[in-house]
Amino acid sequence: CSYAADRGSLLGWDVVFTSFPWAVEEWRSVGVNVHYLPLAFGKHVLQRVALPYDRDIVVSFVGGLGYRHIWNSGQDAITAVAKALGSRFKWAGYGNGPDSAELASCWIGECWGHEYFRTLARSRIALNRHGEVSRGAANNLRLFEATAMGCCLVTEHAPNISDFFDPGMECVTYKNPDDLVRQVKLLLAKPERTREIAEAGRRRCLAEHCYENRVARFLDVIGS
């Protein structure tokens, strides 16, 4: 379950699962039988999207920008990278229309389904940014999709990011737009290190963060 627009409507369910850490305590306080279950990657994607040897996109952000997705400080971070990297950065996704010339110039169109994963597979470095609904926690599918497709994940700092990946070893984190630009430039200066982080993140994701890994927790809850 994602959004808490009407928590009262959740009271009729026997069990509710959420990937939002903040929702567990909040919803339990009003009587919802809610359990935390993180998101994950579906390995079946790898049967249909082959990973290329040569990644022709240096840095990418693959996702929506604008209302209900990533806006305010999140969009500022993506825009900062677009300004700093120019043609080395590509944005694939949708939104209410880019509000800067930099974002407009790096936009390569919308991509869905297998094309979404192919765009990640073409990327050496994949930026991640959460929407406001996450309330500062690491919690979106792109964390696992980017790492599983072999990208070096660069995501914002979050108190629970180490539950999924080891910062500096399996991913890179940033605290603000300027720090994001700095971290990306450091990675670009050390391509071998970038590949090492990408490979370590992919191994961790495929070993621990696929749906097969979440089934045990799910069955444990519904069987109790």
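The values are calculated or read from the model by the stated rules, or taken from the named source; none is laboratory data. Everything quoted here is computed from the prediction, not taken from an experiment. Note: ideal-geometry Cβ built from the backbone for every residue, glycine included; neighbour counts use all protein chains shown. Keep in mind that these areas ignore ligands, DNA and RNA; they rest on the heavy atoms of the full protein, side chains included. Shrake-Rupley method; radii C 1.70, N 1.55, O 1.52, S 1.80 Å.
Annotations
- Selection from segment 1-27 of residues that are modelled with pLDDT under 80 and among the hydroxyl-bearing types (Ser, Thr, Tyr): Ser2, Tyr3, Ser9
- Only a single criterion out of (1) in a helix (DSSP H, G or I); (2) within 17 Å of Leu120 (Cα to Cα) is not satisfied by Ala207, namely (2).
Let's see how each residue does on (1) open to solvent by 40 Å² or more (accessible area, probe 1.4 Å); (2) touching a residue at least 40 places away in the same chain (Cβ under 8 Å):
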{"residue": "Phe20", "(1), (2)": "no, yes"}
{"residue": "Trp27", "(1), (2)": "no, no"}
{"residue": "His35", "(1), (2)": "no, yes"}
{"residue": "Leu39", "(1), (2)": "yes, yes"}
{"residue": "Leu46", "(1), (2)": "yes, yes"}
{"residue": "Leu51", "(1), (2)": "yes, yes"}
{"residue": "Val59", "(1), (2)": "no, yes"}
{"residue": "Gly63", "(1), (2)": "no, yes"}
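- Meets criteria (within 18 Å of Val58 (Cα to Cα), among the hydroxyl-bearing types (Ser, Thr, Tyr) and open to solvent by 60 Å² or more (accessible area, probe 1.4 Å)) for Ser123: no
- A count restricted to segment 151-173 and to residues that are in a loop (DSSP other than H, G, I, E, B) and over 15 Å from Leu187 (Cα atoms) stands at 7.
- Some residue of segment 162-172 being touching a Ser or Thr at 6+ places or on another chain (Cβ under 9 Å), surrounded by fewer than 18 Cβ atoms within 10 Å (Cβ to Cβ) and either farther than 24 Å from Asp76 by Cα or among the β-branched types (Val, Ile, Thr) (or both): no
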